[in-house]
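The values are calculated or read from the model by the stated rules, or taken from the named source; none is laboratory data. This one's a predicted model, so the numbers in the text were calculated from it and none came from an experiment. Don't worry about glycine lacking a Cβ; one is built from the backbone with ideal geometry, like all the others, and counts go over all protein chains shown.
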Amino acid sequence: MATMVTSTKTTRKTSPGGGPKIPGRNGNGSKRHDGFPNPDLHANRYRIGMWVGLASVAMMFTSLSSAYIVRSASSNDWIALPMPRVLLASTALILSSSATLEVARRKLKAALSGPYSQWLFVTVVLGIAFLGLQIVAWRQLARQGIYVASNPHSSFFYLLTGAHAVHLIGGLLGLTFLWLRSRRQEIAQALMAKRRAATDAVTIYWHFMDALWIYLFLLLFLWR
Amino acid sequence: MAETHEGAHEGVHRHPAPTGFIRKYIFSLDHKVIGIQYIMLALAAVIVGMIMSLLMRLNLSWPGTHWPVLETLFPTGAPGGIMNPEFYLSLVTMHGTIMVFFVLTTAPQGGFGNYFLPIQIGAEDMAFPVLNMMSFWVTFVGFIVILLAIVVEGNHAIGEWFGATLGTSFAGGSGTVGPIGGWTGYAPLSALGKIAGPGQGAGMNLWVMSIAIFCIGSLLGALNFITTLLNMRTKGMSLMRMPLTCWAWFTTAVLALLSFPVLLGGGILLLLDRIAHTSFFIPGGLYLTGVLSGTSSNFPLHTGGSPILWQHLFWFFGHPEVYIAILPGMGATSHILATFARKPVFGYRAMVFAIFAIGLLGFFVWGHHMFISGMSPYSAIAFSVLTLSIGVPSAVKTFNWIGTLWGSRIRFTTAMLFALGFVSLFVAGGITGLILGQSSLDLPMHDTYIVTAHFHLVMGVASIFGMFAATYFWFPKMFGRLMNETIGKIHFWVTFVGVYAIFMPMHVMGLVGMPRRYSQFTEYAFLANTHSLVLFVSVAAIITIGVQFLFYFNVFWSMFKGEKAGDNPWEATTLEWNTTTPPPHDNFAGVLPTVHHGPYEFAVPGAPRDYVMQTDVDVEVPSGNGHNGHKH
């Protein structure tokens, strides 16, 4: 029994290349010091922080969705909005922006900084175009005389799309920051790990915004 | 140095020690400075909250008495020196809001957590120092905005003074010190705007905005705490070697991360109801002060909203919030009890799981605040059973505290006294939770003084006792000097007896049927006999508030004149006592410590001292000692 335990310990890898990290013998507490300080682990905080932050974003949209579901069932003043067709186009845009960002992230992983920068730029453009189409959708509804206070469905439509847009602008700032940084060619190895972590974090956020939009779209126009 | 790892991890502090005053003390990135900033914010906020409670007591126990000072300060809110009910209600609201958000949430978590979590896990700073600075300053802005709610209601000395300073006038205000919705801000009262009464206009808008800002600040802080704890622990600091304080701060951060967004969502909906005239929380057909909804420009049309929806959103946050207030106190108490009982924490693992169980269950019991909202009795039973089940992990903690003390030779320092006081208050206040948690018993007791007594004892005073204990315990590490023990002991005994004298009679008042939030009870025959009790409570409150200024004096006097403390004045075991006093900018002077032992290795057989520090090498700690749950 004792030998078995020992043998598992010796075969445990402490710094695997890529993929999820295998925890050290003592939880994270021992990982940082096996050998020299590992910049990749140090940079890991960006990924962890992003997941933790997204948990809170998810909770906020959960609270708004639960309000949506309760409010839609609680009275008879609910008038379903006509779906602005332009939202289908914006959905297509944000889906493709996720794809282009994923390409960019993989280019960075393959250490191709030129294509990385270009794909990032394409993503930023697609993101801005998505925001533009959202504004078009709002204006179309306003032209039909449907405002925030018109009825509960319109209130929730403007609120949810608006809250999503605000969060998306945060993502756009992150992408723009990455793109500006990516134009600096020569960087040190330690900074490279940091850049990869930052790119991962922004990518996670952007994919989340994408999924959140699909969810909101379905909630707004298929739930009730 | 044998205690540190062989130079494997040189100082990797990502920001150099600042030199200028502004970068060092105002916009600092150092978690220690930010922690002290949070504590100072709480110390300022608690004075405001305390003065408000004092004013409320004056009005309750000496009804009809003319207070010339009130007449001068608040000519509209207290005409002739007698408060009107709206003024009293605005005091209730602001006292609750300021105490819950800016004292009970900031000091335990933002203050002590910020200062000691990174040191106790052996990190050089928080994971995101800039975010940490932002979370404090966002919280600070939230505090300023809630104070502005006092100012904009104007028509009193404070409003006039600020008005003169800013070159405007708030004479159009209602003369209250803020909105009158209570800290829970129930809709539709809070959602209607100015037409709903004094303080419901600009004051209420600022109240909602302040809370939304506070939510954002807390979220940034929680994100930082969680990431720091997960990613920044030093070598050997496995999860089960962390001090219980770290577990408590971590759980608190998780609660904050998941509950504040819900309040933020609710706050946005409330603000839209108020500003954009939506109807999330406002039902149709409301008739207020002679105006029907939709027939006047200052009372636009509202239809179909659900006031209960606000209650759900609020209490989904509100219940975890009470654990956000008290869990850090539980952590500090466990830590301090073990240190001064010179024994390992009894059942360390059970304590960790109990903290998590309390945090988890805290998310499923919000309905017990809403038993009288007309909810289905089946839901009420579910909420009731879940609520009572929190008694189990709470009892685990209490018995383990007693187990830690059992048979020990206690060192009765002021910190220890306050930690013992915490246990006492937690039990005394928690026991009524089991009564109020049963829907059938809650129906008659809801909104009476027994609720006031319950939550003040368990969430208010117990948490504050945890923070007092933490202050007396960690002050020497933070400022390099010990606090005065004589003043400290006077402070403890008067406060301890005082809070019981304040809140025990309130249970009786509640059983008699005295309702919360009423400004006076002179008109109710069935409450005539309680007046002497009301008077007793007020006298106790005045004495207890008075003695808190001894504490303030002790803090600021000891900072400069206190007895010099060494690096480890309490002979404690955890990492903060392993570094110099006060800790250097990167906490460990460039070389992070390596941890070899659990956090509470006191009275280890065969060890050279009666305690083994977490970094000590060449000491064999038998596996039965400490936190493996064995008897010893």
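Checking the stated criteria, residue B:163 turns out to be modelled with pLDDT under 90, crowded, with 18+ Cβ neighbours inside 10 Å, small (Gly, Ala, Ser) and not in a loop (DSSP other than H, G, I, E, B).
Here segment B:259-295 is the region considered, the condition is being touching a residue at least 60 places away in the same chain (Cβ under 8 Å) and surrounded by fewer than 22 Cβ atoms within 10 Å (Cβ to Cβ), and the residue that is nearest to the chain's Cα centre (by Cα) is B:271. The requirement of being surrounded by fewer than 20 Cβ atoms within 10 Å (Cβ to Cβ) and either touching a residue at least 40 places away in the same chain (Cβ under 8 Å) or out of contact with any His (no Cβ under 6 Å at 6 or more places or on another chain) (or both) is not satisfied by residue B:355. Of a type in the set (Gly, Ala, Ser) and on the phi > 0 side of the Ramachandran plot, is that true of residue B:546? Against the criterion (of a type in the set (Gly, Ala, Ser) and on the phi > 0 side of the Ramachandran plot), residue B:546 does not qualify.
Looking only at residues of segment B:280-321 that are polar (S, T, N, Q) and within 9 Å of chain A (Cβ to nearest Cβ), we find that the one that is nearest to residue B:361 (Cα to Cα) is B:306. A count restricted to segment B:109-148 and to residues that are under 21 Å from the mean Cα position of the chain (by Cα) and either crowded, with 24+ Cβ neighbours inside 10 Å or farther than 24 Å from residue A:44 by Cβ (or both) stands at 24.
Once segment A:48-90 is narrowed to residues that are of a type in the set (Gly, Ala, Ser) and assigned to a loop (DSSP other than H, G, I, E, B), the residue that is nearest to the other protein chains (Cβ to nearest Cβ) is A:75.
Selection within segment B:216-243: residues that are hydroxyl-bearing (Ser, Thr, Tyr) and more than 7 Å from every other protein chain (Cβ to nearest Cβ). The member of this set that is nearest to residue B:120 (Cα to Cα) is B:228.
Residue B:72 falls short on exactly one of the conditions (1) in a helix (DSSP H, G or I); (2) within 25 Å of residue B:502 (Cα to Cα), and that condition is (2). The residues of segment B:544-572 that are without any contact (Cβ under 8 Å) to a residue 60 or more places away in the chain and touching a helix residue (DSSP H, G or I) at 6+ places or on another chain (Cβ under 6 Å), listed by number, are B:544, B:547, B:568.
Taking every residue in segment B:503-525 that is closer than 16 Å to residue B:84 by Cβ and pairing it with any residue that is surrounded by fewer than 20 Cβ atoms within 10 Å (Cβ to Cβ), at least 6 positions away or on another chain, the pairs with Cβ-Cβ distances below 6 Å are B:519/B:85; B:520/B:63; B:521/B:527; B:522/B:63. The single residue among B:440, B:538, B:532 that is assigned to a helix (DSSP H, G or I) and under 25 Å from the mean Cα position of the chain (by Cα) turns out to be B:538. From the list B:169, B:174, the one residue that fits, being over 27 Å from the mean Cα position of the chain (by Cα), hydroxyl-bearing (Ser, Thr, Tyr), crowded, with 21+ Cβ neighbours inside 10 Å and not in a helix (DSSP H, G or I), is B:174.
Tallying residues that are in a helix (DSSP H, G or I) and either in contact (Cβ under 8 Å) with a residue 40 or more places away in the chain or in contact with a helix residue (DSSP H, G or I) (Cβ under 6 Å, 6 or more places away or on another chain) (or both) within segment A:122-180 yields 35.
For every residue, the table says whether it meets (1) under 30 Å from residue A:72 (Cα atoms); (2) in contact with a Lys or Arg (Cβ under 9 Å, 6 or more places away or on another chain).
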site: A:152; (1), (2): yes, yes
site: A:155; (1), (2): yes, yes
site: A:163; (1), (2): yes, no
site: A:170; (1), (2): yes, no
site: A:180; (1), (2): no, no
site: A:195; (1), (2): no, yes
site: A:199; (1), (2): no, yes
site: A:210; (1), (2): yes, no
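A residue that is assigned to a loop (DSSP other than H, G, I, E, B), touching a Leu at 6+ places or on another chain (Cβ under 9 Å) and either at the interface with chain A (Cβ under 7 Å from one of its Cβ atoms) or over 23 Å from residue B:182 (Cα atoms) (or both) occurs nowhere in segment B:246-259.
Close Cβ contacts (under 8 Å, 6 or more residues apart or on different chains) running from residues in segment A:182-194 that are among the hydrophobic types (A, V, I, L, M, F, W, C) to residues that are surrounded by 11 or more Cβ atoms within 10 Å (Cβ to Cβ) and modelled with pLDDT of 80 or more comprise A:187/A:195.
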